[in-house]
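These notes are about the structure you will find just below.
Bear in mind that the values in this text are calculations on the coordinates, not laboratory data. Every value quoted in this text rests on a predicted model; they were computed, and no experiment measured them. Neighbour counts run over all protein chains shown; Cβ positions are idealised from the backbone, glycine included.
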Amino acid sequence: MARILSLDNQKNLIGKQLTALRKKHSLSQRELACKLQLAGYNLDKNVITRIENYQRYVTDIELKGLCEVLQISSDEFIGLKK
């Protein structure tokens, strides 16, 4: 199955934004992963690292969880709305 990449061959659109939001909330990658797991989303620290480094695709379910935990809309998260 073909995978779509951004123009600069990155696997997601939210890596930089995720790092900034995580730091804004004073969370380590491990702490963010723990909050996500407590909310019912199965993401661990390694997944967070790979997303932040643009090395991993993000599913809609994962995006939903990140938005819930970081209290941001999906439109803002992916840069559709400021």
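Only aspartates and glutamates eight or more places from Lys45 in sequence, or on another chain, were considered; those with a Cα closer than 12 Å are Glu31.
Backbone geometry of the stretch 30-45 corresponds, through the Karplus equation with coefficients 6.51, -1.76 and 1.60 at θ = phi - 60°, to 3J(HN,Hα) couplings of 5, 5, 5, 4, 5, 4, 5, 5, 5, 7, x, 10, 8, 10, 10, 4 Hz, x marking Gly and Pro. Please report the net charge: other residues with Cβ closer than 9 Å to the Cβ of Ser28, K and R +1, D and E -1. After counting each charged neighbour, the total is +2. Of all aspartates and glutamates in the structure, the ones whose alpha carbon falls short of 15 Å from that of Lys11, not counting any fewer than 8 places away in one chain, are Glu52, Asp60, Glu62. The phi-based Karplus calculation (6.51 cos²θ - 1.76 cosθ + 1.60; θ = phi - 60°) puts the 3J(HN,Hα) values of the stretch 54-68 at 6, 9, 9, 6, 10, 7, 4, 5, 5, 4, 4, x, 4, 4, 4 Hz, whole numbers, x for Gly and Pro.
Rg(Cα) of the chain divided by 2.2 N^0.38 Å? Normalised Rg, Cα atoms only: 1.03. Summary value for the chain: 33 percent relative contact order, contacts being C-alpha pairs under 8 angstrom separated by 6+ residues.
Farthest towards the positive end of the charge dipole of the stretch 15-77, among the residues Tyr41, Ser28, Ile72, is the Cα of Ser28, using unit charges on the Cβ of Lys, Arg, Asp and Glu.
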